[in-house]
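See structure below.
The values are calculated or read from the model by the stated rules, or taken from the named source; none is laboratory data. From a predicted model like this one, the values you see are computed outputs, not experimental measurements. Positions of Cβ are backbone-derived with ideal geometry, glycine not excepted, and every protein chain shown enters the neighbour counts.
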Amino acid sequence: MIKIMADSTCDLSQDILEKYDIGVAPLKINIDGKTYSDKIDIKTDELFELLPNIEKHPTTSMPSPTEFLSIMKEAVDKGHTSILCICMSSGTSASYQAAEIAKDTFYDENPNSEIKIHVVDSKSMSHGSGWLILKSARLRDEGASFDELVKFNEAYKKNVKHYLSVDDLDHLIRSGRLTNTSAFIGKLLKLKPIMSMKDGKGAIVAKERGRKKVLNHYVSEFLKRNNPELTDFIIIGYSNEIGVAEVLKEKLIQEAGYNGEIFIMQMGVAVSTHVGPGAISLFFIEKNRN
């Protein structure tokens, strides 16, 4: 049996996590001196209720190797013979390194073990790694072998296309994703930055004036870049405004002619801490990369 696990920034919905038995190591969020586990002790909507009244902007930290190791051991105890762990990009967090330490610790404690463990540096954030995890779970249930899942992830992880736009640029400044100068110009011109992933890190790839133009940009880029053979589902993410996500879904159906599955999922607490309210994202498989 193959166990699939991740860190909590995969941002997959609880019903998906339960349906495919995906183990999750939660990131930690520190708010005014109190530490919470992502999606366990605090939910995203609760974060946005707290934000107006907190003294300092929240910070996040990776899951400990012990938390990853605990999931691995539990999987083995339940009879799994291989474990695929898909983590957020090593360029943005140390979660990948923590999972690698957990893997090494498992083998140190079980030197004769025949359990296979592979940790994927997804080069993705939020529902980007979530896309790989959900696809891997479906491939597993369709009969793919562990080696086939590893090869798929390593071959196509850089093809997962991300788009993210936010309402409040200050959150990106505090998280180190945007310079004060860029933010000042963006606010002055009422521009919304659109970010994607480059070399495992977030990068601004476009700026649009107003949310309507942001959504139009998403649809235009989807039409140019989408790989219809591999994008058998799309994930739309949102931080606190599901209505915007629903508008984007309708545009993808009506204007892009997409007739596959489209999931709308809320970003988790750790991701929302960095992107703030009003964030909207889009994830699919890009062509012409591998």
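Couple of notes before you dig in:
- In the condition set (1) part of a helix (DSSP H, G or I); (2) within 24 Å of D167 (Cα to Cα), L282 is compliant with all but (1).
- Any hit, segment 83-103, residues being acidic (D, E) and within 21 Å of the chain's Cα centre (by Cα): yes
- Leading residue by the ranking (modelled with the lowest pLDDT) among those in segment 81-102 that are in contact with a strand residue (DSSP E or B) (Cβ under 6 Å, 6 or more places away or on another chain) and surrounded by fewer than 20 Cβ atoms within 10 Å (Cβ to Cβ): G91
- Residues located in segment 239-279, provided they are hydroxyl-bearing (S, T, Y) and farther than 18 Å from V160 by Cβ: S239, S272, T273
- Here segment 206-222 is the region considered, the condition is being touching a residue at least 40 places away in the same chain (Cβ under 8 Å), closer than 16 Å to A279 by Cβ and hydrophobic (A, V, I, L, M, F, W, C), and the residue that is surrounded by the most Cβ atoms within 10 Å (Cβ to Cβ) is V214.
- Near pairs, Cβ below 7 angstrom, 6+ apart or cross-chain, from segment 53-72 (free of Cβ contacts under 8 Å to residues at least 60 places away in the same chain and in the same structural domain as Y96 (by TED's automatic domain parsing)) to any residue that is surrounded by 20 or more Cβ atoms within 10 Å (Cβ to Cβ) and of a type in the set (D, E): P63/D7
- Any hit, segment 110-132, residues being within 23 Å of N227 (Cα to Cα), within 16 Å of the chain's Cα centre (by Cα), among the β-branched types (V, I, T) and modelled with pLDDT of 95 or more: yes
- Identity of the residue in segment 50-77, at pLDDT 95 or above, out of contact with any strand residue (DSSP E or B) (no Cβ under 8 Å at 6 or more places or on another chain) and among the charged types (D, E, K, R), that ends up nearest to T35 (Cα to Cα): K73
- Selection count, segment 229-270, where residues are in a helix (DSSP H, G or I), touching a strand residue (DSSP E or B) at 6+ places or on another chain (Cβ under 8 Å) and of a type in the set (A, V, I, L, M, F, W, C): 8
- Of the residues making up segment 126-158, just one is surrounded by 13 or more Cβ atoms within 10 Å (Cβ to Cβ), assigned to a loop (DSSP other than H, G, I, E, B) and not hydrophobic (A, V, I, L, M, F, W, C), namely S126.
- All positions within segment 159-204 that are at pLDDT 55 or above, in a helix (DSSP H, G or I) and more than 24 Å from F233 (Cα to Cα): L169, D170, H171, L172, I173, R174, K187
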